[in-house]
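Undergrad: Have a look at the structure that comes next, please.
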Amino acid sequence: MENKGLGFLVGLVVAGTLGWALAGTVYLGCGPSIRGCAVPDGGGWHFAAMMTVPWLLTFFGNAVIRDDDWRPSLGISAGAAAGIAFALSKDSVPPRMWTLAAVLAVIGIGTPLALWYRGRSRQTS
């Protein structure tokens with residue numbers, strides 16, 4: 001896929017959906033289960049969204065994660081920023097939400113930097 005706008009849009013949707021789903025799931029916590037932890041009541045939509053992200057990356061990941069051009073991966077940064085905003089917009093922010101925000105920030109900053117560095121090193125080789 002050569003369309004860079006599509007890569008940005010897919011990255012935005014994937015990272016935004018994942019950020020929203022993780023923030024909702026982390027906020028709700030674990031539900032009771034025989035095995036220790038389950039999807040809590042009201043967390044079904046968050047869980048379903050988390051399960052769609054791998055499928056989106058399977059089919060459209062090559063449009064986002066490219067080492068010939070790092071700019072489509074800025075959609076991941078924008079989606080991670082949206083996830084951070086959602087995670088920190090709750091009434092009470094438990095410490096686990098700060099951890100989630102830090103992980104999303106590392107992903108949002110690290111992905112374009114890693115792709116930029118890899119593309120640059122391929123050009124010089």
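The values are calculated or read from the model by the stated rules, or taken from the named source; none is laboratory data. The structure displayed is predicted, hence computed values, not measured ones. We place every Cβ from the backbone using ideal geometry, glycine too, and count neighbours over all the protein chains shown. Areas reflect the complete protein model, heavy atoms only, side chains present, ligands, DNA and RNA absent. Shrake-Rupley method; radii C 1.70, N 1.55, O 1.52, S 1.80 Å.
Undergrad: Could you give the nm distance between label points at Arg118 and Asn3, where each point is 7 Å from its Cα heading toward the beta carbon?
TA: 2.3
Undergrad: Can you give me the angle between helix 95-124 and the longest principal axis of the chain, using Cα atoms only, in degrees from 0 to 90, rounded to the nearest 10?
TA: Result, in degrees: 10.
Undergrad: Once the piece of chain linking Ala85 and Asp69 is laid out straight, how much longer is it, given 0.36 nm per residue of separation minus the C-alpha distance between them?
TA: Numbers: separation 16, 0.36 × 16 = 5.76 nm, distance 2.71 nm.
Once the chain is fully extended between Ala85 and Asp69, it gains 3.1 nm.
Undergrad: Just from its helices, what would the mean residue ellipticity at 222 nm be for the chain, if runs of 4 or more DSSP H residues each count -39500 (n - 2.57) and the sum is divided by every residue, rounded to the nearest 500 deg cm²/dmol? Numbers along the way, then the final one.
TA: On the way: 4 runs with 91 residues, N = 125.
After summing the helix terms and dividing by residue count, I get -25500 deg cm²/dmol.
Undergrad: Right, another one. With the other protein chains left in place, how much accessible area per residue, in square angstrom, belongs to the range 67-125 at a 1.4 angstrom probe? Kindly include the intermediate steps, with their values, before the conclusion.
TA: On the way: 3580 Å² over 59 residues.
Accessible area per residue, the range 67-125: 61 Å².
Undergrad: Which peptide among 76-89, 6-19 comes first, and what is the full order, when sorted by highest mean count of other Cβ atoms within 10 Å?
TA: On the way: 76-89: 20.3, 6-19: 22.0.
Highest mean packing first, the order is 6-19, 76-89.
Undergrad: When all protein chains stay in place, what accessible area (Å², nearest 10, 1.4 Å probe) is found for Thr124?
TA: Solvent-accessible area, nearest 10 Å²: 110 Å².
Undergrad: With a cut-off of 20 Å, note down the residues of the range 9-41 whose backbone N falls inside the zone around a label point 7 Å from the Cα of Ala102 toward its beta carbon.
TA: 19-20, 22-29
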